[in-house]
Amino acid sequence: MKESLSIRSALAQESVKLKKAEIDSPTLDASLLLAHVLNTTRSALIAQGEKPLCEEALMAFNSLIKRRLDGECVAYIVGRKEFRGFDFAVNKSVLVPRPDTETLVETAIEKLAEMIKHRAKESEPNISVLDLCTGSGAVAISLKNEVPQIEVCACDICEKALETAKSNADLLLPNSNIQFYLGDLFNAICANGFPLPTGFSLIISNPPYIPSDEIKTLAIEVQNEPRIALDGGPSGLEIIKRIIDKAPEYLKNGGMLLMEADPRQMDNIKNLLEKKGFNGLQLYNDLSGAQRVIVGAYEK
């Protein structure tokens, strides 16, 4: 009779496979996948390291490891990704939320706090946010959770992505009253019966910004994410240009536009914003110290 592997031994064995395949974080990935199989936490795995793993669980674990070796990211395999304290449901219709986007959210929270502080009277219109290319809804839901007094609208061109965002909002932040709209950037607002507002206080976006020809050079797990959410056209700036061109029509006087992009694009984006009349431009660094977020205000 074949002796059962312990949890510790199974993790070590499968981590070696991932390491040989040059997976960046083999031990972490293996532990996340086994924790998913056993419906437990990574810390519990360590505490139960000598516990034998049943044949059924081992087979399921091996199956998930194979998917990881085939280039599927852990988040898609387990169906969720943690972001700012929430476990967001993710699938192949949305990008996986990344630590870089924490910078986008933190910058928006900082700007919203300033707006709230300087709001003269309660009778003034509410502070409103539009999240373009919302994907899983991670940005919109995080902002509403951390600054609950704001009004939030979110849109995406992909119907399945928008369904995922709505589902995340319903599960993670019930009664949030985030408004979701299907459509291409700003067209989603009017195309779905939403009247043209007096303007949003803040427009935020993590748009597609990878140059088309560069997508094939990305890690295989990134290439497996939805191309529509990655592909920024030949220069990587096509969607960004469209956002900058139309944003002034949808911003309140003094409203702000915040975008995440490739650090290599920031000089070009800064020039585009300046030509369109945005001022007070600021750049914010991500956790690696690279310029990841750009902010501009528009005075009418």
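Residues that are modelled with pLDDT under 95, of a type outside the set (D, E, K, R) and part of a loop (DSSP other than H, G, I, E, B) within region 54-94 comprise C54, G71, C73, G85, listed in sequence order.
Can you find, within region 136-157, the residue that is surrounded by the fewest Cβ atoms within 10 Å (Cβ to Cβ) among those that are closer than 12 Å to G85 by Cα and small (G, A, S)? Among those that are closer than 12 Å to G85 by Cα and small (G, A, S), it is S142. Looking across region 248-287, just one residue is part of a loop (DSSP other than H, G, I, E, B), more than 16 Å from P207 (Cβ to Cβ) and free of Cβ contacts under 8 Å to residues at least 60 places away in the same chain, and that is G277.
Taken over region 14-27, the criterion of being in a helix (DSSP H, G or I) and touching a residue at least 24 places away in the same chain (Cβ under 8 Å) is satisfied by E14, K17, L18.
Against the definition (at positive phi and surrounded by fewer than 16 Cβ atoms within 10 Å (Cβ to Cβ)), how does G79 come out, yes or no? So G79 fits the description; yes.
Here K241 qualifies as within 21 Å of the chain's Cα centre (by Cα), over 21 Å from P99 (Cα atoms) and of a type outside the set (A, V, I, L, M). Against the criterion of being outside the structural domain of T164 (by TED's automatic domain parsing), more than 26 Å from L95 (Cβ to Cβ) and either over 23 Å from the mean Cα position of the chain (by Cα) or not acidic (D, E) (or both), A21 does not qualify. Scanning region 288-300 for residues that are within 20 Å of E106 (Cβ to Cβ), outside any strand (DSSP E or B) and not hydrophobic (A, V, I, L, M, F, W, C) turns up S288, G289.
Okay, residues lined up against (1) at pLDDT 95 or above; (2) within 16 Å of I210 (Cα to Cα); (3) among the polar types (S, T, N, Q):
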| site | (1), (2), (3) |
| --- | --- |
| K241 | yes, yes, no |
| L258 | yes, no, no |
| D267 | yes, yes, no |
| F278 | yes, no, no |
| L281 | yes, no, no |
| L287 | no, no, no |
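The values are calculated or read from the model by the stated rules, or taken from the named source; none is laboratory data. Remember, it's a predicted structure, so these values are computed and weren't measured experimentally. All Cβ positions, even for glycine, are placed from backbone atoms using ideal geometry, and neighbour counts span all protein chains on display.
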